[in-house]
Amino acid sequence: MSSVSSKYVKYILSRPMAGAGGKTGTWRVHRPVINAERCIKCGLCWLYCPENAIDWLENKTVTVDYDYCKGCGICSDVCPVGAVTMVKEGVI
């Protein structure tokens, strides 16, 4: 578990684990692909991901943990600049 603090509130974040959220397996039909050039690093994809599968690297690069991503498309829907697109599994 990790924590994120704001000026007023401390939030506890949990990472999905096998048995808790469970790994996706082979049933996902679409997966998100992030266009790093279009990404404005607003964090909405990370905030709204119900599986906490969106992560930030130290160099502020956004990544997707495909082991836990269910392919729901919420990250794509909330992206204000269209940097996240859903592609059919096996295409890229």
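Every number here is computed from the coordinates shown, using simple stated rules; none is lab data. Here the structure is a predicted model, which means the values were calculated and not measured. Don't worry about glycine lacking a Cβ; one is built from the backbone with ideal geometry, like all the others, and counts go over all protein chains shown.
Multiplying the residue separation of Val78 and Thr26 by 0.36 nm and removing their Cα-Cα distance gives an extension gain of 16.2 nm. Panel order for Trp27, Trp56, Trp46, by other beta carbons found within 10 Å of each beta carbon, from fewest to most: Trp27, Trp56, Trp46. When the Cα positions of Val64, Asn52, Gly82 are compared along the charge dipole of the range 19-88, Gly82 comes out farthest toward the positive end, with charges on each C-beta of Lys, Arg, Asp and Glu.
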